[in-house]
Amino acid sequence: MLQTKIHNLTLKNPVMTASGTFGYGEEFTDFIDLSRLGGIIVKGTTGERRQGNPYPRMAETPSGMLNAVGLQNVGVEDFSKKVYPRIKDIDTNILVNVSGSSIEEYCSTAEQIDSLSHIPAIELNISCPNVKKGGMGFGTDPDMAAQVVSEVRKVYHKTLIVKLTPNVTNVTEIAKAVEGAGADSVSLINTMLGMAVDVEHKRPYLSTITGGLSGPCVKPIAVRMVWQVAHAVQIPVIGLGGIMTAADALEFLMVGARAVQVGTANFIDPTVTIKIIEGLEAYCNKHGINDINEIIGII
């Protein structure tokens, strides 16, 4: 009923977890059965270990949150040697979010992950607003986006998903550029650039001043952008941005997303992904839908 496909990737249901909000999956084993998920996208992985940005780097906002974690991670070597052996046998799709400060770093990291047999896809993060170099810089220019995707495509041979930034005037230009460069799918949106001020202490809440805004407040923008991109490209689209309920997920599916990612909601309710899957099942049963693909892109 809920099975869907992203290029060569078969998902038992369209519900995945968004990178940076679900750790490596292990952190949630006390709360949910990970094998029920369509996929897990582990935290952003770079060529070298990163400590991330100084604290404070998270702040609550109305209907959302700001973060400036800055891609803190163990690096691809430690991921491959220490983390991967622990998570490779989880009975779902395990994807790695790949980031970097240069095209060379993107390529070397992707190439190392290409050799890991239980990782069927990567999500190339060209859209992070929380790092000083790389990240969003690649994702806001069609030529740069195409260049990094084209180079990664030469060394990565499995399903290549590219994560797009909303911090652009026309997201379809970027989507079409990465499609032309060899992307198998696109995911959007990443966080929006935002800022909050502590008026009592007369200073920004985040050490980096600005950070990435996520949560329900960005959902209408995310739905609009997913709808636009789904009509602009031929490759599958994965939607994310403020999904808290099955109804939220259905909005994204109806405007053309073949799968969704749940992010900020995991911080509020660690069982939310399972509730969304069950909600999708209940919706299909109520409306006599035998295949979730029947409603994908009906708007």
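Readers should treat all values here as calculations from the given coordinates under stated rules, not as data from a laboratory. Note that the structure is a prediction, hence the values are computed from the model and not measured. No Cβ is skipped: glycine too gets one built from the backbone with ideal geometry, and neighbour counts run over all protein chains shown.
Within the bounds of the stretch 110-125, is there any residue that is out of contact with any strand residue (DSSP E or B) (no Cβ under 8 Å at 6 or more places or on another chain) and among the β-branched types (Val, Ile, Thr)? No, that holds for no residue.
Inspection of the stretch 48-62 identifies at least one residue that is under 30 Å from residue 203 (Cα atoms), out of contact with any Asp or Glu (no Cβ under 7 Å at 6 or more places or on another chain) and of a type in the set (Phe, Trp, Tyr). Kindly indicate the residue of the stretch 135-166 that is in contact (Cβ under 8 Å) with a residue 40 or more places away in the chain and part of a loop (DSSP other than H, G, I, E, B) and also surrounded by the most Cβ atoms within 10 Å (Cβ to Cβ) among those meeting that condition. If we take residues in the stretch 135-166 being in contact (Cβ under 8 Å) with a residue 40 or more places away in the chain and part of a loop (DSSP other than H, G, I, E, B), then 164 is surrounded by the most Cβ atoms within 10 Å (Cβ to Cβ). Among the residues of the stretch 84-105, those that are farther than 19 Å from residue 13 by Cα, surrounded by 15 or more Cβ atoms within 10 Å (Cβ to Cβ) and out of contact with any Leu (no Cβ under 7 Å at 6 or more places or on another chain) comprise 87, 97, 100, 101, 103, 105. Within the stretch 152-167, the set of residues being over 17 Å from the mean Cα position of the chain (by Cα) and more than 22 Å from residue 117 (Cβ to Cβ) is empty.
Figure legend. Inter-residue proximity from the stretch 43-66: first residues more than 11 Å from residue 214 (Cα to Cα), second residues of a type in the set (Asp, Glu), beta-carbon distance below 6 Å, spacing 6+ or different chains. Indicated pairs: 47/105.
Can you name every residue in the stretch 167-182 that is among the aliphatic types (A, V, I, L, M), closer than 11 Å to residue 145 by Cα and part of a helix (DSSP H, G or I)?
174, 175, 177, 178
Looking at residue 298, is it surrounded by 16 or more Cβ atoms within 10 Å (Cβ to Cβ), part of a loop (DSSP other than H, G, I, E, B) and touching a helix residue (DSSP H, G or I) at 6+ places or on another chain (Cβ under 7 Å)? For residue 298, the condition - surrounded by 16 or more Cβ atoms within 10 Å (Cβ to Cβ), part of a loop (DSSP other than H, G, I, E, B) and touching a helix residue (DSSP H, G or I) at 6+ places or on another chain (Cβ under 7 Å) - is not met.
I want to confirm something. Restricting to the stretch 1-26 and keeping residues that are of a type in the set (S, T, N, Q) and surrounded by fewer than 21 Cβ atoms within 10 Å (Cβ to Cβ), which single residue is nearest to residue 214 (Cα to Cα)? Among residues in the stretch 1-26 that are of a type in the set (S, T, N, Q) and surrounded by fewer than 21 Cβ atoms within 10 Å (Cβ to Cβ), the one nearest to residue 214 (Cα to Cα) is 21. Highlighted here are the strands (runs of 3 or more DSSP E) found entirely within the stretch 1-115 that include at least 1 residues which are farther than 23 Å from residue 265 by Cα: 4-6, 9-11. Of the residues in the stretch 249-265, not one is over 26 Å from residue 172 (Cβ atoms) and among the basic types (Lys, Arg).
Criterion applied to 76, 69 was being of a type in the set (A, V, I, L, M) and within 20 Å of residue 160 (Cα to Cα), and the one residue passing it is 76. Number of residues in the stretch 35-58 that are buried (at least 20 other Cβ atoms within 10 Å of the Cβ) and over 19 Å from residue 107 (Cα atoms): the value is 5.
One residue stands out in the stretch 168-200 among those that are closer than 30 Å to residue 117 by Cβ and not aliphatic (A, V, I, L, M): the one that is surrounded by the fewest Cβ atoms within 10 Å (Cβ to Cβ), namely 180. Taken over the stretch 119-130, the criterion of being part of a loop (DSSP other than H, G, I, E, B) and closer than 12 Å to residue 42 by Cβ is satisfied by 119 alone.
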